Amino acid sequence: MNVPFLDLRASYLELKDELDEAIARVLDSGWYVLGEEVEAFEIAFADYCGAKHAVGLASGLDALHLGLRAMGIGEGDEVIVPSNAYIATWLGVTQCGAIPVPVEPLPQTHNIDPGRIEAAITPRTRAILALHLYGLPADMEPILEIARRRGLMVMEDAAQAHGARYDDKRIGAHGDVVAWSFYPSKNLGAMGDAGAVTTNDPALAERIRILRNYGSQERYVNRVCGYNSRLDPIQAAVLRVKIPYLDAWNERRAVSASRYAALLSANKTITLPAVPQRCTPAWHLFVIRHPQRGRLQAACAKNGIGTQVHYPIPPHMQEAYGDYGWAPEDFPEARQLASEVMSLPIGPHLSEGAVDHICMTILAELNNP
């Protein structure tokens, strides 16, 4: 059996008629930058997230960057970030001229440890950036409590958390600004790069709308030095089609995750994902840990199974941040996770038979001395 890590074409084929019609509608409209299609998506996505405002942008990285800019983050400010993350989470900070201050994760959830945040705060700290890694919400209540008490802003990186819930409330407006990516592989994925922010703050939403459009609200009148980061109407139309299917697709992911957990629990050397009681994951990724990851990946590849590592190199060890003075051993939790994590196929079109094949392959390898 051949099991790709993710079959993007299957999602297109399921909704082919609706997606083709939506794309044709945009092409026929003659309006190809911003406009009614983007506005309609913004309204629909804000409503889905339980937020008052959504602003469509060109990518998830732009959502992080412009969201932080709108929050007033700038040169020399410090932003608390998770030590284990895709580099985009940190890039959003450094693109503002700000300094990322890494905080280690809870090894059980892989999300930032709220108990370590306060020790990392200095007089230059302006914000906390909470990442919902793999689609599992970070523990927002203590993070928000620290922020309120210390006068800090809170941004959420929800690039992997479309439809996830914390305390039965969808991710989308717990913090001051929530940054989203709609990269094609996301639970709510476009057919190219796309992003957005959601917020309950009308002033922040307005600043981001201005920043995304050259710093202009009125044509040829530029209030600030802005950027060109506008959600494409074709991508907005695609995303509008997919929103009504997102919960059902996430439920299919949850069924696969439950089956993985039930079958793989037979081998106690595998560390399975932990889900705190107050969290409902989006199951963007199903990530296991094992000290012999390379062996498991080789066995999977031999049996036609695609796997990935999210993420093999922590940001503080990347050459891009080589001038910041961090040593490789500075964040041992992030390094340990990076050496052991392995993502198994999961998606709305993964069959039960495929999950069984993957689990039997892994268990057979581990049971073979």
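The values are calculated or read from the model by the stated rules, or taken from the named source; none is laboratory data. Treat the numbers as computed from the prediction; the structure is a model and nothing was measured. Please note: Cβ atoms are built from the backbone with ideal geometry, for glycine as well, and neighbour counts cover all protein chains shown. To get the accessible areas, we keep the full protein, side chains included, count just its heavy atoms, and leave off ligands, DNA and RNA. Shrake-Rupley method; radii C 1.70, N 1.55, O 1.52, S 1.80 Å.
A compact table of results
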{"read-out": "Sole residue being more than 30 Å from Arg289 (Cα to Cα) and free of Cβ contacts under 8 Å to residues at least 24 places away in the same chain, chosen from Arg124, Arg207, Arg149, Arg212", "value": "Arg149"}
{"read-out": "Of residues in the range 222-247 being basic (Lys, Arg) and assigned to a helix (DSSP H, G or I), the one most open to solvent (accessible area, probe 1.4 Å)", "value": "Arg240"}
{"read-out": "Condition met for Leu66 (assigned to a helix (DSSP H, G or I), farther than 30 Å from Phe286 by Cβ and in contact with a helix residue (DSSP H, G or I) (Cβ under 6 Å, 6 or more places away or on another chain))", "value": "yes"}
{"read-out": "In the range 211-221, residue farthest from Gly74 (Cα to Cα) [restricted to those that are more than 24 Å from the chain's Cα centre (by Cα) and open to solvent by less than 30 Å² (accessible area, probe 1.4 Å)]", "value": "Ser216"}
{"read-out": "Those residues of the range 30-54 which are open to solvent by 70 Å² or more (accessible area, probe 1.4 Å) and either in a helix (DSSP H, G or I) or in contact with a His (Cβ under 7 Å, 6 or more places away or on another chain) (or both), in sequence order", "value": "Glu36, Glu39, Ile43, Asp47"}
{"read-out": "Where Glu75 falls short, out of the listed (1) of a type in the set (D, E, K, R); (2) in contact (Cβ under 8 Å) with a residue 12 or more places away in the chain; (3) not in a loop (DSSP other than H, G, I, E, B)", "value": "(3)"}
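Matching residues to (1) within 24 Å of Glu329 (Cα to Cα); (2) buried (at least 24 other Cβ atoms within 10 Å of the Cβ); (3) modelled with pLDDT under 95:
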position	(1), (2), (3)
Leu66	no, yes, no
Ala70	no, yes, no
Gly74	no, no, no
Val79	yes, yes, no
Ser83	yes, yes, no
Tyr86	yes, no, no
Gly97	no, no, no
Glu104	yes, no, no
Pro107	yes, no, no
